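Student: Can you read through this structure? Questions will come right after.
The values are calculated or read from the model by the stated rules, or taken from the named source; none is laboratory data. Because the structure is a prediction, the values reported are computed rather than measured. Positions of Cβ are generated from backbone atoms using ideal geometry, with glycine treated the same way; all protein chains shown enter the neighbour counts. Each accessible area value is taken on the protein alone, full model and side chains, heavy atoms only, with ligands, DNA and RNA left out. Shrake-Rupley method; radii C 1.70, N 1.55, O 1.52, S 1.80 Å.
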Amino acid sequence: MTVNSSRKHLVLVGAGRANLHVLKGLARQGSGDMNVTLVAPQPYYIDPAMLPGYVAGDYALDEVRIALDPLVEASGVTYVAAHVHSLDATGRRIQLTSGDALPYDVLSVDAEPTLEREAVEHAMPGARRNALFVHPYEAFVQLWPQLQALAQERALQVAVIGGDLAAVELAMAVAQALNSPHGSRVSLIAGDAPLLADQPAGLQRRVLSRLKAMHITVLQDRCVGLDGQAVELASGATLLCDAPLLALIAGTPAWLAQAGLQADEAGELVVNERLQSESHRQVFVVPPHAPPETGPVLEANLRTAMGGGNFKKAPVGPTRLRTVACGDGHAIAAWGFLAIEGREVWNWKDRRDRRQLAALFTP
């Protein structure tokens, strides 16, 4: 793969929301005197906020999975369908699984978080063979209809393994989707810590009540193995299970974690208020669950890094407004200590999510 060396090269890794906002800006303003390349394994964007709605049957797949082609064409960037194998942050070069190497002047990483299969298998022997992984999303949405078809034939015992808000939301969506016609049952294996202890009390209380109303069994235990028929728990108990869904918190891709960028004691990359790596300022990293306002800041800061100017500060942490789809046209919204729920909340969330998705792909 060759790149015009007389022009600066911006490489976007991953088709996350913030990187797509950069493409939208390029479509609107042009790329000027720089080359831009987008590297992503699939030519689609799957909206995480709407994914539980797809599972629950509220959306068709083509409503939550949007083709990148029109936006890529409008932005004038070069699209490369590949995974990243490694990053040489000192040499400013990424190695692709296709065998190609891409040099860059500035790199923006906004890739889907990943579950390292070997690490998961070590912690839960049998997971690679027997579990349906939620990440990557593209593989999950292709396999999910097979589980739905099986539930049309007989009642299933399904276990969602994960304890964060996304896992809880998925468990409710699965329960909604598979309840009919045979009454499949869903269990949530949420780990040792109290469920949603990091969430506002009002949201926690309403979600727990909703789980109970949907007859979802919550187990405060850890999965330590899967044999295709049951889930083995750390307590020594076993849970009969036809279909385990792994909805664990995904982390930094291995190639990025191993690139030698500065990290904290927990191994998390240290990113400053401009979204730059503290040790390699030409590398920008979008944190997981970054709020929508991150996109415009990333676009401005990438242009500054390429051509000069003043950097902007990115919003810190996730948005204070949390929304949870609960299936059956029901949702919960929480802002600080205030939490409300009902069909009206779902209708508002649906309109907001559709509007944000449409805006993202409108140059």
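Student: Compare the Cα positions of A82, P70, G53 along the charge dipole of the range 22-93 (+1 at Cβ of Lys, Arg; -1 at Cβ of Asp, Glu; about the Cα centre) and return the one farthest towards the positive end.
Tutor: Among A82, P70, G53, the one farthest towards the positive end of the dipole of the range 22-93 is A82.
Student: Another question about this same structure. As an exercise, identify the chymotrypsin sites (Phe, Trp or Tyr not before Pro) in the range 265-339 lying in DSSP coil whose Cβ has no more than 10 other Cβ atoms within 10 Å. Show your work: numbers first, answer last.
Tutor: Details: sites: F284, F311, W335, F337; in loops: F311, F337.
Those satisfying the criteria are F337.
Student: Measure nothing but the geometry: give the 0 to 90° angle between the long axis through the Cα atoms of 137-153 and the longest principal axis through the Cα atoms of the chain, rounded to 10°.
Tutor: The angle comes out at about 20 degrees.
Student: Let me ask another. Mind pulling the angle between the C-alpha long axis of helix 17-29 and the longest principal axis of the chain? Nearest 10 degrees, somewhere in 0 to 90.
Tutor: The helix 17-29 is inclined about 40 degrees to the chain.
Student: Against the 2.2 N^0.38 Å scaling, with N counting residues, where does the range 1-112 land? I'd like the Cα-based Rg ratio to two decimal places.
Tutor: Relative to the 2.2 N^0.38 Å estimate, the range 1-112 comes out at 1.14.
Student: Moving to a separate point now. With springs only between Cα atoms under 10 Å, which of Q146, Q220, Q262 fluctuates most in a Gaussian network model of the chain?
Tutor: Answer for the Gaussian network model of the chain: Q146.
Student: Now, a different point. For T78, tell me the accessible area in Å² from a 1.4 Å probe, rounded to the nearest 10.
Tutor: T78 exposes around 80 Å² with every protein chain in place.
Student: Mind checking which lysines have their C-alpha under 30 Å from K8, skipping anything on the same chain fewer than 8 residues away?
Tutor: K24, K312, K313
Student: Quick one: in the range 241-327, what % of C-alpha pairs are over 22 Å apart? Please report the intermediate quantities before stating the final value.
Tutor: Working: 1511 of 3741 pairs.
Above the 22 Å cut-off, the range 241-327 has 40 percent of its Cα pairs.
Student: Kindly provide the Kirkwood hydrodynamic radius of the range 184-254 in Å, to one decimal, from all pairs of distinct alpha carbon atoms. Each step should come with its number before you reach the end.
Tutor: Numbers: mean 1/r = 0.0734 Å⁻¹.
Taking every pair of different Cα atoms in the range 184-254, averaging 1/r and inverting gives 13.6 Å.
Student: Work out the FRET efficiency for E293 and V218 from their Cβ-Cβ distance, taking R0 = 35 Å, and round it to the nearest 0.05. It would help to have the intermediate numbers written out before the result.
Tutor: On the way: r = 33 Å, r/R0 = 0.95.
Once rounded, the FRET efficiency stands at 0.55.
Student: For the chain, set up a Gaussian network in which alpha carbons nearer than 10 Å are linked by springs, and say which option among A18, A67, A193 fluctuates the most.
Tutor: It is A193.
Student: Here's something else I'd like to know. State, to one decimal in nm², a quarter of the convex hull surface area for the C-alpha atoms of the range 116-189, i.e. the direction-averaged projected area.
Tutor: Details: hull surface 19.9 nm².
Average of the hull's projected areas for the range 116-189 equals 5.0 nm².
Student: Can I ask one more? The chain: longest stretch without exposed trypsin sites (Lys or Arg not before Pro) (DSSP loop, at most 13 other Cβ within 10 Å), sites themselves excluded?
Tutor: Answer from the scan: 1-153.
Student: While we're on this one: How large is Rg over Rh for the range 176-330, taking Rg from the Cα atoms and Rh as the Kirkwood inverse mean of 1/r across Cα pairs?
Tutor: Working: Rg = 20.8 Å, Rh = 19.3 Å.
Checking Rg against Rh, the ratio lands at 1.07.
Student: If you don't mind, another one. What is the diffusion coefficient of the range 295-363 in µm²/s, taking the Kirkwood radius over Cα pairs and the Stokes-Einstein relation at 4 °C with a viscosity of 1.567 mPa s? Spell out each step's value before the answer.
Tutor: On the way: Rh = 14.6 Å.
D, rounded to a whole number, is 89 µm²/s.
Student: Further, regarding this structure: Under a GNM of the chain (C-alpha, springs under 10 Å), which listed residue has the highest mean-square fluctuation: L248, L321, L178?
Tutor: Of the options given, L321 has the highest mean-square fluctuation.
Student: Quick check on the chain: what does the Kirkwood estimate of hydrodynamic radius come out to from the alpha carbon pairs, in Å? If you can, show how the numbers build up before the last one.
Tutor: Numbers: mean 1/r = 0.0462 Å⁻¹.
Every distinct Cα pair counted, the radius reaches 21.7 Å.
Student: For the Cα atoms of the chain, what angle does the longest principal axis make with the long axis of helix 201-213, in degrees from 0 to 90, nearest 10?
Tutor: Tilt relative to the chain: about 50 degrees.
Student: Still on this structure, please answer the following. Determine the calculated [θ] at 222 nm for the chain from helices alone, applying -39500 (n - 2.57) to every DSSP H run no shorter than 4 residues and normalising by the residue count; nearest 500 deg cm²/dmol. List each step's numbers first, then the result.
Tutor: Numbers: 12 runs with 121 residues, N = 363.
The helix-only estimate for the chain comes to -10000 deg cm²/dmol at 222 nm.
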